[in-house]
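Okay, structure first, notes after.
Computed from the coordinates by the stated procedures, all read-outs in this text should not be read as laboratory data. The shown structure was predicted, so the numbers you read here are calculated from the model rather than taken from an experiment.
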Amino acid sequence: MVVIANLVGMFNFFYCEFLPVFANNKVEMRGRMDERVKLTRSRTALFWSITFPGFGQFYNQQFIKGAFFIFLEFLVNLQGEVNRAIIYSFHGEFSLASEVANWNWLLFYPCIYIFGAAESYYQAHLKENQSFAGARFIPFILAAMVGTIGTIYGLRWGLGPIFNGLIGMGVGAIIGRIAMSWIDTDIDTD
């Protein structure tokens, strides 16, 4: 019951406080040396999804999808013992992180996380431009694949399942971004 009350409070705070701030399509932030960095709607949705799966969907005002992604995140997180693995990883106890993780569930986490981010980015980009080049999905696909592979290799070596998965996601996204530019140089790369 406490979890439901927390979710309702989090949703109210998110909906009432943050959505009006980002209601327009462009948000300007101050960057280094007072240069302005323009956040497009698609990038803002992507950042919200990276913060927590489902928040990007809420930003896009797709509340049922957002609730579904939050439910999936909680389900996989609880069943996979992801939070305990994260705690052990941050304490440098990588072998304990590998032991407490339920690998049957943990391997779904990178894919759900990245799919939520890709879906919110896609929907926000359609609202902005009404078109979407298929090659834009390559960084997301490779981030999910390499992140899952990194998680698997975290079982025995490296920085455990959590950090290996995160590093794998980053490497996959970078490789995907490079591959995207090779495949179609006409894509507008936000």
Cα gyration tensor, the range 94-153 - rounded (a/c under 1.5), prolate or oblate: prolate
Tensor-based shape of the range 41-172 (alpha-carbon gyration tensor, a/c under 1.5 rounded, otherwise prolate or oblate): prolate
